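Asker: What follows is a single structure, and I will ask about it in a moment.
The values are calculated or read from the model by the stated rules, or taken from the named source; none is laboratory data. Since the structure is predicted, the reported quantities are computational estimates derived from the model, not experimental observations. Heads up, the Cβs are rebuilt from the backbone with ideal geometry, glycines too, and the neighbour counts pull from every protein chain shown.
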Amino acid sequence: MFTIDLTLKNTPFPLSVQRKSSEDAEALYQQIMEAMRSGHPDIIELTCDRQTEKKVAIRSSEISGVQISQKAGTSAASGRPPGFFALAE
C-alpha cells in the first residue's frame, strides 16, 4: 500500500490517501504536483483505495507539500514516524 500525504497551509496535520499500486500512487502524485504548479485555485477531489468511503476535496492553492511513501504496516513497525520529518534529540 502506498500513502500520499498532503500538507496544507495553516493546517497542523497532513491529509492522507492510499493507493494499492505504485503506478496509481505516482499518477496521483504527478496530478497533485501539476495542480500545485498551475497556480490556479482548482478543487482536487481525492478518494482512498483502502477506505473507499473516504473522500476529501481540497483547493490546490492551499497545498504546501506532498509526499509519497510505501507503508508496510504501522509507523511504529517501520521505525518511521508519520509525516514529513522528525526532529532528532
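Table: residues versus (1) hydrophobic (A, V, I, L, M, F, W, C); (2) over 21 Å from Asn10 (Cα atoms); (3) at pLDDT 85 or above.
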| residue | (1), (2), (3) |
| --- | --- |
| Glu34 | no, yes, yes |
| Arg37 | no, no, yes |
| Ile44 | yes, no, yes |
| Thr47 | no, yes, yes |
| Gly65 | no, no, yes |
| Lys71 | no, yes, no |
| Phe84 | yes, no, no |
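Asker: So, in segment 27-76, exactly how many residues are among the acidic types (Asp, Glu), touching a strand residue (DSSP E or B) at 6+ places or on another chain (Cβ under 8 Å) and closer than 15 Å to Leu6 by Cβ?
Answerer: 3
Asker: Okay, moving on. Only one of (1) part of a loop (DSSP other than H, G, I, E, B); (2) modelled with pLDDT of 90 or more fails for Leu28. Which number is that?
Answerer: (1)
Asker: Any idea which residue in segment 1-56 is farthest from Lys71 (Cα to Cα), counting only those that are basic (Lys, Arg) and without any contact (Cβ under 8 Å) to a residue 40 or more places away in the chain?
Answerer: Here the residue is Arg37.
Asker: In addition: Within segment 40-71, which residues are surrounded by 13 or more Cβ atoms within 10 Å (Cβ to Cβ), of a type in the set (A, V, I, L, M, F, W, C) and part of a strand (DSSP E or B)?
Answerer: Ile44, Leu46, Val56, Ile58, Ile63, Val66, Ile68
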